[in-house]
């Protein structure tokens, strides 16, 4: 019998969530070399994707996802497909070149200072009530609902720091807040939080570093997952 206390946690009412005091991440994200696997066709790296785990569910917060290694960003996008293919007993995963050329690797050349909600921090997880099972739930509307609550919290986070469920390396989802106004809000601890409608798409700078087609990182992820990857015309 399933334990009802271990069920996936649903997003809270916003008013109740807003009363939780959350402090920004202190992790030195600027010490890492961040990567992105991006669609070539998109002019901006910030957009609301229905298939992305921590895009706020309202779609009012355009997002960009980055990871601490090229392998992690490959796994975040292709890992589930690789695993499902292997589970069916197929040793070779084929990607058509026509699809592969739609993707490219980007390096984060300029990473702005970000106010992030740190879901890798035990105290933050306990305070929010957002546990790992909920973060990784297959029903994406659940973590997306939590992302919405975090995005609308008075701490005015620019995004979320979390770990990839495939590699356990760090990932960031950064978003553009819809409000253009800047407001100073005092929290109970005496900390003052600056709310802003930052144009993060202007503050980030991405630099192309290579195609996804026939890339070393793509082959590496597939090999680690005990698959042979093939790019076919």
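The values are calculated or read from the model by the stated rules, or taken from the named source; none is laboratory data. Everything quoted here is computed from the prediction, not taken from an experiment. Note that we place each Cβ from the backbone using ideal geometry, even for glycine, and neighbour counts take in every protein chain shown.
For region 72-100, how many residues are more than 21 Å from residue 203 (Cβ to Cβ) and either touching a strand residue (DSSP E or B) at 6+ places or on another chain (Cβ under 7 Å) or crowded, with 21+ Cβ neighbours inside 10 Å (or both)?
16
Matching residues to (1) surrounded by 11 or more Cβ atoms within 10 Å (Cβ to Cβ); (2) in a loop (DSSP other than H, G, I, E, B); (3) at pLDDT 95 or above; (4) in contact with a strand residue (DSSP E or B) (Cβ under 6 Å, 6 or more places away or on another chain):
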site: 5; (1), (2), (3), (4): no, no, no, no
site: 8; (1), (2), (3), (4): yes, yes, no, no
site: 12; (1), (2), (3), (4): yes, yes, no, no
site: 23; (1), (2), (3), (4): yes, yes, no, no
site: 33; (1), (2), (3), (4): no, yes, yes, no
site: 54; (1), (2), (3), (4): yes, yes, yes, yes
site: 60; (1), (2), (3), (4): yes, yes, no, no
site: 65; (1), (2), (3), (4): yes, no, yes, yes
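Test residue 220 against the criterion of being modelled with pLDDT of 95 or more, in a strand (DSSP E or B) and either farther than 27 Å from residue 102 by Cβ or over 21 Å from the mean Cα position of the chain (by Cα) (or both), and give yes or no.
No, not satisfied.
Which of the residues spanning region 147-167 are modelled with pLDDT under 95 and at positive phi?
156
For region 35-49, which positions are touching a residue at least 60 places away in the same chain (Cβ under 8 Å), in a loop (DSSP other than H, G, I, E, B), more than 13 Å from residue 201 (Cβ to Cβ) and within 13 Å of the chain's Cα centre (by Cα)?
none
Suppose we keep only residues that are under 19 Å from residue 166 (Cβ atoms) and touching a residue at least 12 places away in the same chain (Cβ under 8 Å) within region 131-141. Which one would you say is surrounded by the fewest Cβ atoms within 10 Å (Cβ to Cβ)?
Looking at residues that are under 19 Å from residue 166 (Cβ atoms) and touching a residue at least 12 places away in the same chain (Cβ under 8 Å), I get 139.
State yes or no: is residue 202 exposed (fewer than 12 other Cβ atoms within 10 Å of the Cβ) and either within 21 Å of the chain's Cα centre (by Cα) or touching a residue at least 60 places away in the same chain (Cβ under 8 Å) (or both)?
yes
Among the residues of region 144-162, is any surrounded by fewer than 16 Cβ atoms within 10 Å (Cβ to Cβ) and farther than 24 Å from residue 199 by Cβ?
Scanning region 144-162 turns up no residue that is surrounded by fewer than 16 Cβ atoms within 10 Å (Cβ to Cβ) and farther than 24 Å from residue 199 by Cβ.
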